[in-house]
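*Asks:* What follows is a single structure, and I will ask about it in a moment.
What follows is calculated from the coordinates using simple rules that are stated; it is not laboratory data. This one's a predicted model, so the numbers in the text were calculated from it and none came from an experiment. When we count neighbours, we look across all protein chains shown, and the Cβ atoms used for this are built from the backbone with ideal geometry, even at glycine.
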Amino acid sequence: MVHSRIAGTGSYLPHKVITNADLEKLVDTSDEWIASRTGIRERRMAATGETTGDLAFEAAQRALAAAGVQAGELDLIVLGTTTPDLIFPATACLLQHRLGANGCAAFDVNAACSGFMYALAVADQFIRSGSVRKALVVGAETLTRMLDYGDRSTCVLFGDGAGAVVLEASDQPGIITTRLHADGGYKHLLYNPVGVSAGFQLDQPNAGVRVMMTGNEVFKVAVKTLDRMVGETLEAAGMHESDIDWLIPHQANLRIIEATARRLKLPMERVIVTVDRHGNTSSGSVPLALDEAVRSGKVQRGQTLLLEAFGGGFTWASALLRY
Ligand code: ACO
């Protein structure tokens, strides 16, 4: 049986740091409020002209180097993003060309903050089916481009960044199971009101583009849903809480992360936390945290990792894997 395994990871953060003190100058907020409610202390912002594709390119190059894989060997590129460079072509196609991987399949996945997890599950299925041997999976975002820096309830939460993994076919897992879910009935709690066929004004294309979120309602559903999903994931794999070495969660809010860790009976020392320095980078969040954990030496080969995310849609997804 064919499995997929992570052969290498990479990530990239733009240079500009926005601290909570910087945001105190823009909106009626405080470092104390942001840190105590979310765990966030700072986040990154892409430079003028720096795009999601640019961040993805840097992260992808690092993942390919870590895996010892040449771009030309790739059979598939799947990129999770809600902030593509262009409406079309897909950012995955722009990335493919810059990497020199022309010819392989390349497409974007939009599942908001679960984008990377969806992309990972899709690539895993292609490898399991035997049609792909090597895949590049990316989560990349420039969410600060669509934030309203007059709205304190959203502008303090998000940041820019990208992470990537190279998946390879293997006779050993690798990815043990992935779970994907969505419920479009929650659209009203978290959305951007402007698309191409709704809300778009040709003479003012940026008008109305912003993150709309009823944060406290999202919070409650996220905690309950993640609780349910980690149970479902363990059951699908026939594993127990005690089998997990590391939880690598979506980095939206430290209090949500702590609730999931409690559900798994995992001490916070076994949870990768980057939300304090990255904020919520949406699709970038899980692969950024994974790459940081790998490069710091925390995550070791052979360990069991539980990755999960929750975001707009609502979407939620997980992956249980042996690194
Ligand atoms: N600074 C100071 N006060 C603030 C700020 C701020 N930045 N933002 C909101 N407040 C105020 C509110 O106005 C409110 O004031 P009131 O009591 O006078 O009405 C008060 O703080 C409490 O507001 P809540 O929204 O109830 O605060 P809560 O503790 O829920 O924290 C937060 C808000 C951080 C947004 C939290 O609810 C959260 O993290 N939600 C989940 C976000 C998430 O996971 N999103 C999914 C992924 S995102 C994606 O997919 C794109």
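*Asks:* So what's the back-of-envelope 222 nm ellipticity for the chain, counting only DSSP H runs of four-plus at -39500 (n - 2.57) apiece and dividing by all residues, rounded to 500?
*Replies:* Rounded to the nearest 500, the figure is -9500 deg cm²/dmol.
*Asks:* A further question on this structure: Between the range 88-115 and the range 38-81, what is the separation of their alpha carbon centroids in Å?
*Replies:* So the two Cα centres are separated by 11 Å.
*Asks:* Next question, about the same structure. Run the numbers for residue 98 and residue 31: contour at 0.36 nm per residue of separation, minus the present Cα-Cα distance, in nm.
*Replies:* In short, 20.2 nm is gained.
*Asks:* Sequence gap at least 6, Cα distance under 8 Å: using those rules, report the relative contact order of the chain to the nearest whole percent.
*Replies:* Answer for the chain is 26 percent.
*Asks:* Another question, then. What is the Cα centroid distance between the range 158-187 and the range 205-274, reported in whole angstrom?
*Replies:* 14
*Asks:* Taking loop as defined by DSSP and a crowding limit of 14 other beta carbons within 10 Å, which chymotrypsin sites (Phe, Trp or Tyr not before Pro) in the range 102-178 fit?
*Replies:* In loop regions of the range 102-178 (DSSP not H, G, I, E or B), the sparsely surrounded chymotrypsin sites (Phe, Trp or Tyr not before Pro) are 149.
*Asks:* Let me ask something else about it. Give me the extension gain from residue 242 to residue 183: residue separation times 0.36 nm, minus the current Cα-Cα distance, reported in nm with one decimal.
*Replies:* Additional length available on full extension: 18.3 nm.
*Asks:* According to a simple spin-label model (label point 7 Å from Cα along Cα-to-Cβ), what is the distance in nm between residue 22 and residue 191?
*Replies:* Between residue 191 and residue 22, the simple spin-label model gives 3.1 nm.
*Asks:* Hey, another quick one. What relative contact order, as a whole-number percentage, does the range 3-171 give when Cα pairs under 8 Å and 6 or more residues apart are counted?
*Replies:* Reported as a whole number, the value is 35 percent.
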